[in-house]
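Data block below; observations after.
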């Protein structure tokens with residue numbers, strides 16, 4: 001059985017999970033944090049933000065919300081670049097995209113854990 | 001009274017003489033019940049006998065008359081002139097395939113890929129004829145039936161930009177047929193077939209454009225077959241990491 | 001993996017232009033769907049920075065929120081919201097087709113699965129929104 005010859009299933013698995021998270025959670029958070037709070041429709045004072053992100057469960061939630069869709073981005077962006085004709089650079093593109101997602105995961109962990 | 005006509009812009013390509021295909025316009029009689037294939041037959045019989053294309057059954061079963069009609073892969077025996085009024089209608093060979101002559105494309109690549117996925121029932125041991133047929137319940141038939149409707153017309157390949165970009169991709173129809181046998185309750189060949197579907201140039205190349213399913217004249221959904229094979233492939237992969245000594249039978 | 005087939009003399013091999021995705025509306029919709037991930041990723045990076053700034057103190061956090069209120073960022077987030085919604089709609093629709101859901105021997109029609117997914121998405125979004133509204 002040779003299903004382990006390629007690492008594609010691993011990245012595709014992360015892509016799928018990230019896609020689900022992005023589909024269910026991102027629009028409402030984008031509305032809240034990208035539009036409603038900056039425009040003053042919803043107040044989100046610093047004390048409340050700090051109290052929220054200090055809770056372990058909220059940290060786990062934020063990790064899922066931020067880190068997993070990064071793999072969704074990495075997978076799709078990799079194929080967008082290939083689709084635009086960069087087929088010869090397949091290997092470096094894959095390393096760059098998935099590598100960025102891994103870096104983003106580490107960065108998210110770092111930000112959340114030092115709070 | 002002048003006869004109603006419609007213009008077809010047909011791709012012509014003469015091997016070894018032309019460097020690139022070019023379009024040639026033909027004006028043919030317009031009949032409400034004519035399909036593009038009828039118009040091509042009219043051209044070949046009455047205007048230019050050198051026009052080359054494939055066709056056979058004229059009734060959407062043989063799968064040989066697939067061409068690009070106004071840029072969309074179609075069975076020309078099912079593409080009515082009346083749906084393209086007032087014309088002109090562009091008729092081109094199936095996209096992404098090498099062109100042999102005029103509207104005839106090279107299907108060797110597809111035939112090779114079809115053989116690779118082993119689209120037949122595989123048994124560990126064949127039961128003797130005296131034991132009778134392998135029986136199935138209606139639900140077991142339903143599980144794979146839509147995928148067995150494929151007529152190998154290759155319209156799905158001509159709709160698939162992934163195949164155009166990376167010709168090594170096994171492609172929609174072959175994967176759908178491989179998947180069809182994986183779903184068959186009489187089949188025992190998953191362990192032989194799935195590694196081929198799940199190799200790097202297999203299902204993982206697919207970006208789910210979805211056009212393969214949109215153009216299929218038989219209502220097959222190759223895109224779904226591919227995504228489900230990805231799910232199966234991912235399951236196998238993670239299982240093989242968790243249970244390195246062969247978790248599955 | 002087999003080697004690419006060697007080109008045979010006499011055959012014409014069509015080339016794929018880098019602009020192939022402009023050729024058909026369905027291809028363009030596909031490309032927009034894929035590009036939605038870029039907008040989502042940028043938003044999440046901004047969200048990560050917002051959390052980071054919150055950890056730096058009230059001044060840093062307020063300054064960051066002020067920056068997000070600039071017309072440029074508001075415009076970006078408005079466009080990004082459009083893309084995020086497009087991702088959700090396409091993702092849930094396609095997942096419903098791919099994921100076979102069975103009730104006993106029968107397959108639940110994909111339309112019904114999609115309806116369920118959309119309902120869940122709506123309820124979840126409202127719940128998150130109300131949680132934020134009620135406690136602010």
| query | Percent relative contact order of the range C:35-134, based on C-alpha pairs within less than 8 angstrom and at least six residues apart? | reply | 24 percent
| Is the range B:1-149 best put as rounded, prolate or oblate by its Cα gyration tensor, with a ≥ b ≥ c the root eigenvalues, rounded for a/c under 1.5, and otherwise prolate when a/b is larger than b/c, oblate when not? | prolate
| query | Label-point separation (nm) for residue B:45 and residue C:115, each offset 7 Å from Cα along Cα-to-Cβ? | reply | 5.1 nm
| field | Over the range B:176-233: Kirkwood hydrodynamic radius from C-alpha pairwise inverse distances, Å | value | 11.8 Å
| query | How would you classify the range C:1-110 from its alpha-carbon gyration tensor, with a ≥ b ≥ c the square roots of the eigenvalues: rounded for a/c under 1.5, else prolate if a/b is greater than b/c, otherwise oblate? | reply | oblate
| field | Label-reachable residues, the range B:197-226, where backbone N falls under 15 Å from a point 7 Å from residue B:78's Cα toward its Cβ | value | B:212-222
| task | For every helix of n ≥ 4 consecutive DSSP H residues, a contribution of -39,500 (n - 2.57) applies; sum these over chain B, divide by its total residues, and give [θ] at 222 nm rounded to the nearest 500 deg cm²/dmol. | result | -8500 deg cm²/dmol
| Likely footprinting exposure, C:77, A:46, fewest C-beta neighbours within 10 Å first | A:46, C:77
| Can you give the Kirkwood hydrodynamic radius of the range B:113-208 from its Cα pairs, in Å with one decimal? | 14.5 Å
| message | Quick one: the Cα spread of the range C:94-136 along its three principal axes, in angstroms, biggest first? | response | 48, 20, 11
| Once you sort the root eigenvalues of the Cα gyration tensor of the range B:91-152 as a ≥ b ≥ c, which label holds: rounded (a/c under 1.5), prolate (a/b larger than b/c) or oblate (the other case)? | prolate
| task | Report the Stokes-Einstein translational diffusion coefficient (µm² s⁻¹, integer) for the protein assembly as shown, Rh taken as the Kirkwood radius over Cα pairs, at 20 °C with viscosity 1.002 mPa s. | result | 83 µm²/s
| query | Given the convex hull of the Cα atoms of chain A, what is a quarter of its surface area in nm²? | reply | 9.6 nm²
| message | Restricting everything to alpha-carbon atoms, can you work out Rg to Rh for the range B:9-87 with a Kirkwood hydrodynamic radius? | response | 0.95
| query | With the calculation restricted to Cα positions, what are the radius of gyration and Dmax of chain B in angstrom? | reply | 21.4, 81
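Every read-out reported here was derived from the displayed coordinates using simple, explicitly stated rules and does not represent laboratory data. Being a predicted model, the structure only gives us computed values, none of them experimental. Reconstructed Cβ throughout: ideal geometry from the backbone, glycine too, with neighbour counts over all protein chains shown.
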